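Visitor: Once you've had a glance at the structure underneath, I'll fire off some questions.
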Amino acid sequence: MKYWLIYNKSDAVRNSHYIDMYFSESKKLGLDISLIYEDEIDLKNCEKPDFCIFRAINPQITKQLEDIGIPVFNNSRVAEICNDKRKTYEYLGSHGIPVMELYTEGNMKFPCVVKSAQGRGGTEVFFVESPEEYNKITLKDKVIQKVCNNIGRDLRVYVIGKEIIASILRVSDTDFRSNYSLGGRAEVYHLNEAEKAEVSKIIGLFDFGLVGIDFIFHNGKIVFNEIEDVVGARMLYEKTDINLVEKYLSYIIANLIS
């Protein structure tokens with residue numbers, strides 16, 4: 001099998017070690033891998049791969065690849081919904097998945113959390129305590145939410161297909177955001193049965209390849225926050241012996257030959 005691992009150039013530089021892992025694991029599994037940059041994809045003059053792993057955010061290109069018969073992981077539906085927080089909240093809310101209350105500019109209460117609908121990795125997220133602070137935010141496409149009452153900690157659940165792979169708790173003592181990339185500390189977290197059931201409800205609404213489903217804590221319980229389509233794995237590799245890349249490639253192979 002031949003496949004494309006697709007990145008944008010700047011992310012490829014930052015993720016060179018992770019890309020090397022894909023090359024190493026692909027060799028072990030007998031897969032022929034090519035690193036392709038999203039802005040260099042030529043769908044008219046190329047030998048079609050057997051599948052693509054899309055590690056950039058571009059639902060339009062993902063759909064174009066699918067339209068010419070190339071399976072893409074994650075698929076265009078996951079990419080379209082999960083890279084837009086507003087679409088994610090609307091879709092999950094319509095299926096009974098609770099999220100923190102959403103405000104409009106006309107009914108917002110302070111403090112609140114303001115974030116970009118397309119933001120990633122804890123960037124473009126603001127804890128806002130007054131109208132004056134809110135007016136300084138220049139985001140074009142904002143999502144405004146009630147603040148959870150257990151700030152500074154959140155949970156990432158790694159999922160491949162329909163399987164929960166692992167869960168990592170992220171905690172910050174200095175920031176309301178607990179992202180590992182922003183200095184939060186991480187530890188393995190064991191989901192209880194109610195939490196597993198909540199995650200499984202979300203999994204059932206999508207055809208995931210590999211994602212991270214993120215939760216915050218409110219009144220001591222997990223509440224859905226967002227889904228990372230292009231999910232990072234550094235803290236999983238540092239805190240567990242799980243080989244996520246090998247698991248993902250094995251899942252894709254089994255999915256394609258079944």
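Visitor: Since ASP207 meets every condition but one in (1) at pLDDT 95 or above; (2) crowded, with 18+ Cβ neighbours inside 10 Å; (3) acidic (Asp, Glu), which condition does it not meet?
Guide: Just one mismatch for ASP207, condition (2).
Visitor: Considering TYR18, TYR22, TYR91, which residue is closer than 30 Å to VAL147 by Cβ and of a type in the set (Phe, Trp, Tyr)?
Guide: Testing whether each residue is closer than 30 Å to VAL147 by Cβ and of a type in the set (Phe, Trp, Tyr) leaves just TYR91.
Visitor: Looking only at region 16-37, decide whether some residue is touching a residue at least 40 places away in the same chain (Cβ under 8 Å), of a type in the set (Val, Ile, Thr) and closer than 20 Å to GLY69 by Cα.
Guide: no
Visitor: Just checking, does region 102-119 include any residue being β-branched (Val, Ile, Thr), buried (at least 18 other Cβ atoms within 10 Å of the Cβ), out of contact with any helix residue (DSSP H, G or I) (no Cβ under 8 Å at 6 or more places or on another chain) and in a strand (DSSP E or B)?
Guide: Checking region 102-119: at least one residue is β-branched (Val, Ile, Thr), buried (at least 18 other Cβ atoms within 10 Å of the Cβ), out of contact with any helix residue (DSSP H, G or I) (no Cβ under 8 Å at 6 or more places or on another chain) and in a strand (DSSP E or B).
Visitor: If you take just the strands (runs of 3 or more DSSP E) that sit entirely in region 121-200, which of them hold at least 2 residues that are more than 23 Å from GLU90 (Cβ to Cβ) and either at pLDDT below 95 or of a type in the set (Asp, Glu) (or both)?
Guide: In region 121-200, 163-171, 185-188 are the strands (runs of 3 or more DSSP E) which contain 2 or more residues that are more than 23 Å from GLU90 (Cβ to Cβ) and either at pLDDT below 95 or of a type in the set (Asp, Glu) (or both).
Visitor: Now a separate question. Within the set of pairs 6+ apart or on separate chains, which have a first residue in region 169-196 that is within 17 Å of GLU226 (Cα to Cα), a second that is modelled with pLDDT of 90 or more and of a type in the set (Gly, Ala, Ser), and C-beta atoms under 6 Å apart?
Guide: If the second residue must be modelled with pLDDT of 90 or more and of a type in the set (Gly, Ala, Ser), the pairs left are ARG170/ALA186; TYR180/ALA186.
Visitor: Residue pairs, Cβ under 8 Å, 6 or more apart or interchain, first in region 245-258 and closer than 12 Å to TYR22 by Cβ, second at pLDDT below 95 and surrounded by 17 or more Cβ atoms within 10 Å (Cβ to Cβ). List them.
Guide: That search, which allows pairs on different chains as well, returns VAL245/ALA233.
Visitor: Which of the following residues is over 20 Å from the mean Cα position of the chain (by Cα), outside the structural domain of GLY161 (by TED's automatic domain parsing) and under 25 Å from PHE206 (Cβ atoms): ASP32, ASP50, ASP20, ASP11?
Guide: Being over 20 Å from the mean Cα position of the chain (by Cα), outside the structural domain of GLY161 (by TED's automatic domain parsing) and under 25 Å from PHE206 (Cβ atoms) holds for just one of ASP32, ASP50, ASP20, ASP11, which is ASP50.
Visitor: Right, another one. Applying the selection to region 81-101, what residues are crowded, with 17+ Cβ neighbours inside 10 Å and acidic (Asp, Glu)?
Guide: Listed by number, the list holds a single entry, ASP84.
Visitor: Let me ask something else. Out of the residues in region 120-133 meeting the condition of being closer than 27 Å to LEU155 by Cα and not charged (D, E, K, R), tell me which one is surrounded by the fewest Cβ atoms within 10 Å (Cβ to Cβ). It would help to see each step written out before you state the result.
Guide: Going through region 120-133, the residues closer than 27 Å to LEU155 by Cα turn out to be 120-129.
Then drop every residue that is not not charged (D, E, K, R), which leaves 121-123, 125-128.
Details: GLY121: 14, GLY122: 20, THR123: 12, VAL125: 18, PHE126: 19, PHE127: 14, VAL128: 19.
Here the answer is THR123.
The values are calculated or read from the model by the stated rules, or taken from the named source; none is laboratory data. None of these values were measured; they are calculated from a predicted model. No Cβ is skipped: glycine too gets one built from the backbone with ideal geometry, and neighbour counts run over all protein chains shown.
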